[in-house]
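First up is the structure itself, then whatever we jot down about it.
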Amino acid sequence: MKKTTLLSTLAFAFVMLLTTTVSAQKFSKLDKSPLDVTFYRTDRSKPAFVKVVYSRPFLKGRELSKLAPNGEVWRTGANEAADITIYKDMKIGGKSIAAGTYSLFTIPGEKEWTIILSNDVNTWGAYTYKEANDVLRITAPVSKDDSSLENFSITFESNDAGADMYLGWGTTRVAVPFMN
């Protein structure tokens, strides 16, 4: 009786393992630009100051300049435009911004990127972008890194004044200052 129960349990575990593996492989093939969320917070036990929801396209051997062309409005990720929620009034690049949810657009450039927060939320790509709906526009310098990021990435790093939001893809890095 104990051998039968043990064998049944092992067989069930093996089948579940196979099922999980097969499902994970099928799912990863569908998710060409996975959705991600990043937060700026000073302490995990406290609410966030900023949340960014965006999709992370892969380079897949393509040039960054083909995917996010210099001088053109970009949705800052893939699929829908990135959403940025600011939970309290603050300054971005020295300009005041009220708490709220905005779309995050960028205009890439060789030496600097234009960072745009727009009242147009839930937009698909940059196809419906309207400059008249901009709430904030700043420029941020571009730097290069020795390591290359395959997926477009956004992260925050705290500093004495608040935090820098880093946009990175390939070897390109852009730092956007947020001040509490």
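The values are calculated or read from the model by the stated rules, or taken from the named source; none is laboratory data. Treat the numbers as computed from the prediction; the structure is a model and nothing was measured. No Cβ is skipped: glycine too gets one built from the backbone with ideal geometry, and neighbour counts run over all protein chains shown.
At a glance:
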{"read-out": "Residue match in region 47-59 (condition: modelled with pLDDT under 85 and closer than 22 Å to residue 163 by Cβ)", "value": "yes"}
{"read-out": "Where a residue in region 123-136 is part of a helix (DSSP H, G or I) and its partner, wherever it lies, is at pLDDT 70 or above and not hydrophobic (A, V, I, L, M, F, W, C), with Cβ under 9 Å and at least six apart", "value": "131/118; 131/137; 133/103; 133/118; 133/119; 133/120"}
{"read-out": "Residue list for region 148-180, restricted to those being closer than 15 Å to residue 106 by Cβ and either at pLDDT below 95 or of a type in the set (A, V, I, L, M, F, W, C) (or both)", "value": "152, 154, 165, 167, 169, 174, 175, 176"}
{"read-out": "Filter pass, residue 13 being small (Gly, Ala, Ser), farther than 13 Å from residue 152 by Cα, modelled with pLDDT under 95 and touching a Ser or Thr at 6+ places or on another chain (Cβ under 6 Å)", "value": "no"}
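Here is a yes/no grid of residues against (1) of a type outside the set (Gly, Ala, Ser); (2) surrounded by 17 or more Cβ atoms within 10 Å (Cβ to Cβ); (3) in contact with a His (Cβ under 7 Å, 6 or more places away or on another chain):
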position: 63; (1), (2), (3): yes, no, no
position: 69; (1), (2), (3): yes, no, no
position: 72; (1), (2), (3): yes, no, no
position: 75; (1), (2), (3): yes, yes, no
position: 86; (1), (2), (3): yes, yes, no
position: 96; (1), (2), (3): no, no, no
position: 104; (1), (2), (3): yes, yes, no
position: 122; (1), (2), (3): yes, no, no
position: 132; (1), (2), (3): no, no, no
